[in-house]
Structure formats: structure tokens, C-alpha cells
1. Where does the chain land at 222 nm, in deg cm²/dmol rounded to the nearest 500, when only DSSP H runs of n ≥ 4 count, each adding -39500 (n - 2.57), divided by all residues?
2. On alpha carbon coordinates alone, what is the Rg over Rh value for the stretch 21-115, Rh being the Kirkwood radius?
3. Could you report the chain's accessible area per residue, 1.4 Å probe, as an integer in Å²?
4. Sticking with the crude label model, points 7 Å out along Cα→Cβ, report the distance from Ser103 to Lys83 in nm, one decimal please.
5. How many nm is it between the label spots at Lys94 and Glu111, if each spot is 7 Å from the Cα in line with the beta carbon?
6. Show me the helices of the chain, taken as full DSSP H stretches, that run 30 Å or more along their long axis by Cα and average -0.5 or above in Kyte-Doolittle hydropathy.
7. Sort His96, His60 by heavy-atom solvent-accessible area, probe 1.4 angstrom, most to least.
8. Taking Lys77 as the anchor, which lysines have their alpha carbon closer than 30 Å to its alpha carbon, excluding any fewer than eight residues away along the same chain?
Amino acid sequence: MTAAQVIAQLVEMAQEMKQERDRGMLLGLPDDELAFYDAVSQNGSAVLVLGDDTLKQIAHDLVRLIRANTTVDWNIKEQARAKLRSAVRRLLTKYHYPPDKKSAAVDLVLEQAERLAMEVAA
């Protein structure tokens with residue numbers, strides 16, 4: 001790769017990050033909540049049934065839940081992972097998240113939780 005190609009890729013990445021930040025601002029969500037919003041809004045039926053405001057509230061509650069239940073070593077202890085998975089399932093059930101893709105949403109939420117835990121630990 002040439003220096004020009006690297007610079008072009010960095011500029012492109014910066015533009016993508018700005019677009020994501022702008023999208024979050026339009027939705028009224030900070031970056032961490034936007035990631036969880038994206039995870040739970042992957043399910044088309046959830047968007048139709050629950051609507052945007054409920055999905056935003058779920059994202060907000062997920063960030064609070066995960067921050068409250070994330071320990072330094074949660075990503076290596078299976079018991080802590082299972083507890084978090086169960087808590088996420090209960091939260092989605094509380095909001096009547098459609099069951100057709102709830103497992104996929106839980107998996108995406110846990111992936112985002114791992115990323116959030118790494119950011120908090122850093």
C-alpha cells in the first residue's frame with residue numbers, strides 16, 4: 001500500500017464514523033446505545049411491532065443492564081455470561097420483543113456487551 005492509499009482509507013473511515021455519529025444524534029442515542037439499538041432493530045418484526053421509541057428504550061436499558069452486570073472477567077467466566085444472557089432475555093421479554101429472532105438479538109447484544117466491556121476496561 002502506498003501512503004496515499006492509507007490516507008484515503010483513513011479519510012473514508014473518518015467519514016463513516018462521522019456518519020454513524022450523525023445517525024446517533026438524529027436518533028438521540030449516544031454511541032454505546034446506538035450499537036445496542038442496531039442489535040435489537042435487526043429484526044424487522046421488532047421494528048414493526050415495537051416501534052422506534054420502544055427500541056430506543058430497550059437500547060438504553062440494555063446499556064444500563066450491561067454496565068451494572070459487567071465485571072472485569074465476565075467474558076471469561078461462563079456463569080457470568082449465562083447470567084448476563086438470562087438478564088438480556090428477561091429485558092427483551094419485558095418489552096414483548098418478538099420471539100422469532102430473539103435468540104439472534106441476544107447473541108448480537110452479547111457481542112456488543114463484549115465490545116463495551118473491552119472499552120470500559122481500557
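The values are calculated or read from the model by the stated rules, or taken from the named source; none is laboratory data. All figures in this text were calculated on a predicted structure; none of them were measured in a lab. As a convention, Cβ positions derive from the backbone with ideal geometry for all residues, glycine included, and neighbour counts pool all protein chains shown. These accessible areas exclude ligands, DNA and RNA; they are computed on the full protein's heavy atoms, side chains included. Shrake-Rupley method; radii C 1.70, N 1.55, O 1.52, S 1.80 Å.
1. About -27500 deg cm²/dmol.
2. The Rg/Rh ratio comes out at 0.96.
3. That works out to 64 Å² for each residue.
4. 2.5
5. Placing both labels 7 Å beyond Cα along the Cβ direction yields 2.5 nm.
6. 3-27
7. Reading off the accessible areas and sorting them downward yields His96, His60.
8. Counting by Cα, and skipping residues close in sequence, Lys77 has these lysines nearby: Lys56, Lys94, Lys101, Lys102.
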